[in-house]
Each structure stands twice: as C-alpha cells, then as structure tokens.
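One structure is given below, encoded as structure tokens.
Since every read-out is calculated from the coordinates, none of them should be taken as a lab result. Source: prediction; values computed, not measured. Glycine also receives a Cβ, built like all others from the backbone with ideal geometry; neighbour counts cover every protein chain displayed.
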Amino acid sequence: MAAQYDLLIVGAGPGGLAAAVAARALHLRVVVLDAGPRPGGQLLANDTPILDCPGLDVATGSELADRLRQHLERLGGHVRVHAPVERIDGDGGTVELAGERLVGTAIVLATGAAPAASVCPARRTSRVAACHRRPDGSVRRSRASRWS
Ligand SMILES: Cc1cc2nc3c(=O)[nH]c(=O)nc-3n(C[C@H](O)[C@H](O)[C@H](O)COP(=O)(O)OP(=O)(O)OC[C@H]3O[C@@H](n4cnc5c(N)ncnc54)[C@H](O)[C@@H]3O)c2cc1C
C-alpha cells in the first residue's frame, strides 16, 4: 500500500525546506523528496555570506542549507535524498519515484531552477551588454558600455 502523507514536497531547496518547516510546525505529516545527494538546492552553489536574510548570520549557502535541514529535523520532519520524482498526478495526489508511489492530501512543487546557457554567444570583449530573451524567443541586447 502507498505511504500516506498530508503534504508531499518535491524539492529540498530553501523553498521546499521552508514549506516543510511550516508544515511540521502545524504537525502535518510531511515528506520532502529531492533528487540530489543533499538538501539545499541552489544554496549549495553559493560560497559567499548570505547578506539578505534578516536575522540570519551565515557564512555560506551551504551553512544555511544545514540550518534549514536541522530546523526541519528538530520538528520531526526529514528529507529523502536521491529521490528523483518521475511522475506527479495532482488530481490523485500521488507522486512516483523509482518503484514507489506516495499519496498526499496536497503536493508542493518546489523544484526551483537549473543553470542554463547564456543567451549571448560567449566572446572575450571589453564591452558589457545585457541580453534579454523576448517571449517570441528572439534575443535583444541592450547598448554596450565600455569598462574604463
Ligand atoms: C551562486 C548562487 C548565489 C545565490 N545567491 C543568492 C543570494 O545571495 N540571495 C538570494 O536571495 N538568492 C540567491 N541565489 C538564488 C537562490 O539560491 C534561489 O533563488 C533559491 O535557491 C531557489 O530556491 P528553491 O527552493 O525555489 O529552488 P532550488 O534551490 O533550485 O531547489 C530545487 C530543488 O529541487 C530538486 N528537484 C528538482 N527536480 C526534482 C525532481 N524531479 N525530483 C526531486 N527533486 C527535484 C533539486 O534537486 C533542488 O534541490 C543564489 C543562487 C546561486 C546559484
């Protein structure tokens, strides 16, 4: 029989972890599923101090990720890592991962973002320009300015 939860959260970046902390504070049965080896999402790629979270004083994104995980664990929640979700049925409230099906009253998608290639061709230049992708897919470059 499929495991039953109040809340299934897909993605253990700061969005998914924050949702899980809030859910556990309400005593909901919650599980967070992440494809990666460690909770944190994009935070794990940030080696610099986090300066824009009031009340937090952490040296790296990785440290913030550990704090979020610890907060969740103190509230009795946990993250399942190496758990890539392959299929979601929002109407049925199910998610599927390798050989397993979980059922939840609600599902939170917190799958974040992944790096993408720049829309500008890479080239060495002393000029700097901003590039924007228009809705029709074409690329607009703003006027270049020169470093001096
Ligand atoms: C180098 C760097 C520096 C940054 N600095 C700042 C900063 O100073 N201030 C700031 O506000 N923001 C900063 N950001 C941006 C910030 O990290 C992101 O906005 C934030 O991490 C987004 O959180 P998220 O939870 O929505 O998604 P993410 O952090 O992208 O996490 C998504 C998670 O979902 C998982 N996932 C995806 N698909 C699946 C699937 N099918 N099954 C299971 N799991 C899945 C991924 O493995 C990942 O762990 C920075 C980002 C980077 C890369």
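Cut-off is 10 Å between beta-carbons; in what order do ARG101, ARG24 appear when sorted fewest neighbours first?
Values: ARG101 14, ARG24 20.
Starting with the residue having the fewest Cβ neighbours, the order is ARG101, ARG24.
In this Cβ point-charge picture (+1 for Lys and Arg, -1 for Asp and Glu), the range 3-109 has a dipole of about 280 debye about its Cα centre. For ILE107, the amide hydrogen comes within under 5 Å of the amide hydrogens of LEU8, counting only partners 5 or more places away or on other chains and with H modelled in the peptide plane. Extents of the range 3-109, largest first, come to 41, 27, 20 Å (Cα atoms, principal axes, whole angstrom).
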